[in-house]
Every structure is written in structure tokens, then in C-alpha cells.
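Data first, discussion second: the structure below is written as C-alpha cells.
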Amino acid sequence: MERKEEILTVRNLNISFETTAGTVRAVRGVNLSVNRGETVAIVGESGSGKSVSAKAIMGILAKNGTIDGGKITFSYYRSPEERVTREILDMKKEEIRRHINGKRIAMVFQDPMTSLNPLIPVGKQIMEGMIWHYNTPKEEAKARALELMKLVGITDAEKRMKNYPHQLSGGMRQRIVIAIALACDPELLICDEPTTALDVTIQSRILELIQEIQKKRQLSVIYITHDLGVVAKVADRVNVMYAGKIVESGTVNDVFYDPRHPYTWGLLSAMPDLGTDDERLYTIPGSPPNLLHRITGDAFAPRNKYALNIDSRLEPPMFRISDTHEAATWLLHPRAPKVELPEELRDRIERMKREGGYYESAAE
Amino acid sequence: MNQLQSNSVFPLLEVKGLRQYFPISRRYTVKAVEDVSFYINPGETYGLVGESGSGKTTIGRAIIRLYNPTAGQIFFDGRDISGHMNRETERELRINMQMIFQDPMACLNPRQKVADIIAQGIDIHHRYHSLKERSEMVSDILHKVGLAPEHADRYPHQFSGGQRQRVGIARALIMNPKLIIADECISALDMSIQAQVVNLMKDIQQETGLAYLFIAHDLSMVKYISDRIGVLHLGYLLETGTTEEIFSHPVHPYTQSLISAIPNPNPLLERNRTAKKYDYKTSGIDYSAGSMHLIEGTHYVRCTDAELDGWV
């Protein structure tokens, strides 16, 4: 394995929104790091702050949002020798537009219909970024756009260049969006629910496409999703987010085969299991907390049947489990009572490990 | 198409050779649904799956008669509801068949209180004698879907997504229907909430014995909730059978590709998995040439004789 090189570091990020109902603390102290060529997934329910964190990295928060604290450090290569490190939160909006957005960090949004301009042919939309960021001559940009469209698997690229978004299917549109995102050779790609609006068959094709491109270009990718199937497929590392905090983070194997946070247990249990014929799905009782109100203690405590007394008073810190794995739950405190995984989940993980050949690969 | 009839019970809903076309201009007609036949038994859940544009929503809307079917017959509870309906038939249909929509925010009137939204059906059909009875019915139904009676005086925006979908279910349930058409009713919800809603739907089914037509593109959820499944593609019903039959012996290449594309939440398997590719244009299969062939039991596939020989 080559040396890991961090390209994005987020430290203690706090974001709040002013709304008519009061202040919503959407992100409460998020830490995140992404290495070159790595895929990091952020998993969480809607309202857990995963999209907001990504938007902060891109500098495209909504007007009523403020960043109350934290640091976002991003480094890129201006030329093969010259590495530049910048604090995104200290940069002016125009500066971010000029140097970061689209050029170094690109984003793919959930709904390809709303992220494409309906009045401009798709080919022109792919060329737009190159012309703006690099002053690429039009002919060259056009050639490159064709190349990109072929890269993302669009046949008949020349003809499709002149198509408008509405003339393409959902999967095609999302491919165009990915082509636009890749047009300026970014170092980091943020995919915000890139396949939620698509069907399963197209979903796996798009994911495989992004993986392929990633290998070719040493691209780092952040996936924001609520679909654990997607995470299992693409991610190297996983961050589970709940109520504006990362509650568990680790490698895919850590989180799927050795989950420690009760919320992660709930998420894993709630997935319909194709291997068994259970009569009922497991559900996490209750609903996520309203972030309008100040949260004392552990935000997940009211829905957690393993909650301890301390959970209602003090917020748990991140406990280290291994070099790669950490989780924020008091259950990991040395003095906490020993709590075992729920039995069904333990059986399921056991079965997943067996089916996946976990033991064989561990023995090697 | 008689072979598609159920043999044991008299089906609650029977769709025979349904076609639904939408004329766009004089020259161009969108053929959304082509020759679809299936049935739903009382108390059963039938899952319709397919990608977007496959016509699954159109079928649901044609059955509940939001559209006028171009051709084919629909029998509901022994009555023909496909053509012109007399007043009595229409009344029966409007009471006994209800629908739950995909986006709970879009389908609830934001300016009505939840009590009025839920009671709209019983208001129209005069199902109560006094206002006291009306509010009792509403709070009963709220209780049934896991909401509190005091929620009745709130507006839709005061609820979370999962709670709103519960209101949508309550609105359908208050008529005590025999069939509920659930059109992608959980796709807009978060995963932990999806499980809650699906469990609720199952509980209600056990209690009242109603049937569901469950329309979705998420196969893992469909597998979980359905007794039988129909696979749609480009307006054709390609394969139908019990959940077991479809998932353990998918015959049609499209069904196979669909099942192979279900994400498996097991990273070690998932990373090495590639979905089976299927392209109608290059597959050489002509849906319109095929007809329904029996595989075994209730398992049917749409194909020609030659194609079937190649697949089985």
C-alpha cells in the first residue's frame, strides 16, 4: 500500500441555520478526512446533516446557514510539483468559485433533472466549466467533451452533444452530470445521493462507472447516501451520521462486521434481508430528534434501548476501538455494563461473514 | 388469457389484457401499458416492480380509474370496472379501493387539518350520523396507524415524513377498503422509517384482511412484503409468480438482471458483484411477439416458444 496522503480534512465543523422557528443546529462538530484515491461514505437519515456538511466543503451553503466554527483544509496540486493547501472557510466566495468549485472539488447531485440547465444542449454544459476555468479553446473543449461522454458510457456521443436534458433518460442525464463534474479533472468528487433517483439496474451501472473512473484518475470520492447497499459496494471507509454528528466511523469491514454504536446496529438490522424470511422488519423506534431544540447528552438516547443514565446528561466522546475504528457511545467506556449485539444482528453478521468468505481472507 | 386465472379462490381484482395508450399528437401515441394480465386474491399483497417508465404507476392509476383504459377488462370484486360504470359500481369502487401516494407532502392538502383530510372519504360517502361519531372514527384510525388523537387538529407540515405517510395510510384505511394501491409509498421515506411503515401495513393487513397492490422499484422491500410479484418492463408484464418462484428461479433475462442488481449489504460480496447487463435493443427479444407461458405453479413468463426453450 502506498503512503496515505490526506487531501481533505474537516475538523470540528459546526453549522447552524436561522429559520423562522428558531436556530437549527444542523451540524454539531463533524470530523472527517479523505485520502487521495479513497472512497469515503457518509451514511445517515435525512436531516442528519450529511448534505449540509458536503455543501460547506463546496462553499455553497444556503443563505440562512452560518458556519459557527471548525476548519476545512483542502490540498491540491497546482502543478505536479506544487502542492497547495487552503483553508476553505477562510476563502471568499468568489475565490472558492474561481479556484475550487468544479475545478478541484466537483459535486454530483441527487436529481439530474434539476442540476442540468433545460435550455442548453448537454454538450455545451460539459464544455462550460473547461472554458470558464481553464480558458480552453472551444474546439479543444468540444473534443474533450466528446471524450468525456464516451468515458461515461454514452454511445453516439456526437449526436447526444446537441440533445437537451429532457431528451435523455434519467440514467443518461446522470451520466452527463458526472461528465460535467469530471470535465475539469477534479481531485475530489462529492456524490450527494447520486443514484437515489435512479432504478436499481442503472444504479449499479453508475456506481461501477464512478469506480472505474476513480481507478483511472486517482480520484477521491465522498458518497453521501442513506443506502447501505451502495456503501457496501463502493466505500473504503464509512462515517455514520446521526443528528449532526458522526457517531461511528471505520473501514467498511469495521462498520459492517463489527458495528459498535446502537444506531449502526439499528440501521443494519432495519435493512430487508434477502437471505431470510423474517416476518417483521426490525425498526428503530421513534424518529430523529428535532435539531431546533438544544440536545443534551446523547442525541440517540431516546431511541436507544441500551441507553445508560449518563446518556441523558453527557454527550459521549469518540472512543477508539482500533486504529481505523471509532464510535461515540458510552457503551464503550471501560466502566460501562457489557452490552452484546442484538441476537438477530449477530446471526446476520455471522452469516454475512461466512457468505463473504471473511474468515478465509482473514486467515491469509 | 384464461390460464392466468387463479384456480383456488375467486380473485378480488382481475386485470385482463389491459392496455393504456396516451395519444400525444395525431402521429404519436405513447403506449404505456401493453396487454397486462394479473389477479390479486383477497388479503394478498401483489408487488409490481419495474424501472421508471415501465408503466407500473400507470397500471395502478388505470385500475383505480384515474385513467380510462384503452383496452382490456378490469374486474373488481366481481364487477367490471373497465368501461363505463353505473352509479352503483362507481360508488363501490370509490369506497372499496383506495390509494396511497408516493410523496406524502404533495398529496395532503396543506391548508386542511389532518382530521379533515382523513375524514374526507367518510364526508363524501356519508358514513356517519353525528359529528361525534365522525371524530371517533378519525381518532380510531389515527390510533390504528400509530398517531395520537391530538394529532387530528394539526396541519400536514407539522408532521415528519413518516408521520405524514401514516396520515396517507389513515386516509385510505378509514373507508375500510378491500384493496389499497400503494404507489411507491415508501420510496420517499428514510430507511428506518420505511421499515416502520411497511410493518404497519403488514399489521393492518393481518387485522383487516385487505389486499395490497404494492408498486415499487426497490426489489428487496417488494420481496419482503409481497406474496406474489409481477415484473414489468416497457409496459409489458414479463414475469409473474410467487415471491419464492421469482427470486429463486427467475426465467426472463430482464428479471435476472433486475435481481442481480439488488445491492447486497455485505461488503465482501458486494465489492465483487457486477450486475448482469440487459439491453432490450440488443437482446433480440421481442416482447410483442411473446405470450404468457406457464413455467410451474403460478409462475408465468412472457416469451415465444423458441425463447422459452433457450431459457429453461
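The values are calculated or read from the model by the stated rules, or taken from the named source; none is laboratory data. Source: prediction; values computed, not measured. Cβ coordinates were reconstructed from backbone atoms using ideal geometry, including for glycine residues, and neighbour counts include every protein chain displayed. When the accessible area is computed, the model is the full protein with side chains, heavy atoms only, and any ligands, DNA or RNA have been set aside. Shrake-Rupley method; radii C 1.70, N 1.55, O 1.52, S 1.80 Å.
Of note:
- Amide H to amide H, with H built 1.01 Å from N, residue B:273 comes under 5 Å of no residue 5 or more places away or on another chain.
- Of B:66, B:258, B:213, the residue with the greatest mean-square motion in the GNM of chain B, using alpha carbon springs below 10 Å, is B:66.
- Whichever lysines have a C-alpha closer than 17 Å to that of residue A:55, once near sequence neighbours (fewer than 8 apart) are set aside: A:63, A:71, A:92, A:93, A:103, A:245
- Scanning chain B for trypsin sites (Lys or Arg not before Pro) in DSSP loops with at most 10 neighbouring Cβ atoms within 10 Å leaves B:112-312 as the longest stretch between them.
- Interface residues of the range A:206-240, defined as a loss of at least 20 Å² in heavy-atom accessible area between the chain alone and the complex of all protein chains with a 1.4 Å probe, are A:208, A:226, A:229, A:232, A:233.
- Accessible surface of residue B:140 - all protein chains present, 1.4 Å probe, nearest 10 Å²: 110
- Within the range B:21-68, the residues that become at least 10 Å² less accessible when every protein chain is included than when their own chain is isolated (1.4 Å probe; DNA, RNA and ligands ignored) are B:51, B:52.
- Note on exposure: B:282, A:196 ranked by accessible area (1.4 Å probe, complete protein assembly) read B:282, A:196, with the most exposed listed first.
- Accessible area of residue B:101 in the full protein assembly, 1.4 Å probe (Å², nearest 10): 60
- Here residue A:347 sits with roughly 90 square angstrom of accessible surface, probe radius 1.4 Å.
- All other residues whose Cβ lies under 13 angstrom from that of residue A:321 are scored, Lys and Arg at +1 and Asp and Glu at -1, for a net of -3.
- Sequence of A:132, A:265 from largest to smallest accessible area, 1.4 Å probe: A:132, A:265
- Summing charges over neighbours of residue A:105, with a neighbour being any other residue whose Cβ is under 15 Å away from its Cβ, gives +3 when K and R count +1 and D and E count -1.
- Counting only lysines at least 8 places from residue B:223 when in the same chain, those with an alpha carbon closer than 17 Å to its own are B:56, B:202.
- For the range A:1-98, the convex hull drawn through the C-alpha positions has a volume of 109 cubic angstrom per residue.
- Size of electric dipole in the range A:241-363: Cβ of Lys, Arg +1 and of Asp, Glu -1, about Cα centre, debye, nearest 20: 560
- Nearest-ten-degree value, helix B:191-208 long axis tilted from longest Cα axis of chain B: 80
- Total formal charge among the other residues, if their Cβ is under 12 angstrom from that of residue B:35, Lys/Arg +1 and Asp/Glu -1: +3
- Of A:224, A:67, A:100, the one that fluctuates the most in a GNM where chain A has Cα springs shorter than 10 Å: A:67
- Accessible-area ranking of A:45, A:18, A:139, largest first, probe 1.4 Å: A:139, A:18, A:45
- For the range A:276-364, trypsin sites (Lys or Arg not before Pro) are listed when DSSP marks them as loop and at most 16 other Cβ atoms sit within 10 Å of their Cβ; the list is A:280, A:294, A:305, A:313, A:335, A:338.
- For chain A, the pair-distance distribution built from all alpha carbon pairs, in bins 20 Å wide starting at 0, is 27, 56, 17, 0 percent.
- Shown for the protein assembly as shown: the carbon plus sulfur share of the solvent-accessible area, taken with all protein chains present and a 1.4 angstrom probe, equals 48%.
- Net charge dipole, the protein assembly as shown: roughly 2200 debye, given to the nearest 20, about the Cα centre with Cβ charges of +1 for Lys and Arg and -1 for Asp and Glu.
- Dipole of the range A:241-363 [Lys/Arg +1, Asp/Glu -1 at C-beta], most positive-end residue of A:264, A:332, A:251: A:332
- Using a Gaussian network model of chain B in which every pair of alpha carbons under 10 angstrom is joined by a spring, one finds that among B:30, B:114, B:145 the greatest mean-square fluctuation is at B:30.
- Restraint check, A:216/B:276; A:305/B:144; A:138/A:162, Cα-Cα greater than 19 Å: A:216/B:276; A:305/B:144
- Take the range B:2-311 with all the other protein chains still there, run a 1.4 Å probe, and you get 43 Å² of accessible area per residue.
- Total buried accessible area between B and A, probe 1.4 Å, nearest 100: 3500 Å².
- Between the range B:50-90 and the range A:126-140, the Cα center-to-center distance that results, in Å: 52
- Per residue, chain A exposes 47 Å² of solvent-accessible protein surface, assessed with a 1.4 angstrom probe and all protein chains in place.
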